[in-house]
Amino acid sequence: MRDLQALKRMRPALFLVLVVVFGIMLQVTPVAAAAILVTSAADGAPAVDGNCTLREAVLAANTDTPYDLCAGGAGADIISFSVGGPITLTAGQLAILDADPDTLTIQGPMTIQSSTSRVFLVGNDTTNDAVARTLILNGVTVQSGNGTGLSGGNNSANGGCVYVRPNSTLDMNGSTIQDCYSTGNGGGIYADEDSTVTVNSASIIDGNTAEVNGGGISMSTGTIVVDGDSCIQNNTAFGVGGGIEAGDTVTITLGGGSVSNRGFLVNNTASTGGGIYMGVNSTFNGNHGRFFANSATFGSAWFSNGGSGANGETAIGRRCVNCCIVGNSGNQAVRQLVDGLDAVFINNWWGSNFGPYIAGAGAGTGNGTSTGDGISGNGISAVNVGISSIPTDYGTESTGSDSNWLTTTGGDVPSDCTNDYCDPVSTANHGTGRSCQYVKFS
């Protein structure tokens, strides 16, 4: 009896404990992602007409409020389609305003295009804020933008198809950005300060043009990753950086470290840095990167202005390991100003010639130079850059201290270094049914 009475006296306290626990559970329960279905391929100013257009879906995601037939956004929103494409924008760019961690994913397959504006602004078009936003493109083709549109309240010609505002992120998976044009920087993509661009899962940045710098991608500061057998190809810059132009303190990663997780820069053109141009203090880490047939007067594969590295790196520096650097035209395929930062080249295949051109090498990183991987010329002595001497059996299998240089004789050259560009192997295609484009050597 005494136990029953004690239990009755404890019931209010137990009830209070349960209420508190339930309240805590409500606070920590994550908000589920909202699914927003586009039912019309039309564009124009939002209007209540019984449909959900892409522009209205982005509005619903940005405001977390239903609009017309579009469900209201909540948390990490996902836009998908019940209609075929393409969707042609007629009312200007689409501004992505969902703040992290409320990312916006556009789930293809779908083609989104515009000839009167850029296609996406990842950030605020009217206010110059630096709020982090994220746009994820899965199996989406973005094309034919012309770089017209506001950014932070000002007109900007940068970013032919996509402009990524400060601190924001563009994540491409099995997606394409093609045939875009900018009268400024970033024919395909322009990325502002401390931004992130990831090109993954057999994505393609193809056939874009910038009248200034960065035919494919131009970034002010931040991080660029190209892997998953993705290709940056056939892009042109009238200035520097045909494929990628990296400003001050940008970290670039090309290739994910295996033959099934590569990164490709193919047939890009600029005055300097045909594949990649790096400003002072930018960092490059290539691991199973592929540079084929890029063109520039200096640094047809890549050109680096030297400096201390994006984050003061000394271990990464500017390097390529297990890379193919083949058929790039100009005086040197790789031209680097080392200035005290490590430049490591191991197990690379340079085609008929080999070696980077190292100029101004600082103490501990190199005291010699190479005439590079151009149409003519062989690597000569340099310290700590993977070149120890000219092999006596140059052009055949290297031995001893020169064994880091891959050759056809020993059968240690990846097949795609000698025969093919972008050999399609990736299966992570996000429903697109394709991998990286396949292009035979001419």
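Observations on the model:
- For the range 59-111, the mean projected area of the C-alpha convex hull, equal to one quarter of the hull surface, is 3.9 nm².
- Packing-based exposure ordering (other Cβ within 10 Å, fewest first) of Y163, Y67: Y67, Y163
- Cβ-to-Cβ counts within 10 Å put F238, F303 in ascending order as F238, F303, the fewest first.
- Each of S80 and A47 was given a label point 7 Å from its Cα along the Cα-to-Cβ line. The distance between the two points is 2.9 nm.
- Each of the peptides 132-139, 224-231, 47-54 was scored by the mean count of other Cβ atoms within 10 Å over its residues; in descending order, highest first, they stand as 224-231, 132-139, 47-54.
A short reminder: the numbers here are calculations on the coordinates, not readings from a lab. Just so we're clear, the structure is a prediction, and the values are computed from it rather than from any experiment. No Cβ is skipped: glycine too gets one built from the backbone with ideal geometry, and neighbour counts run over all protein chains shown.
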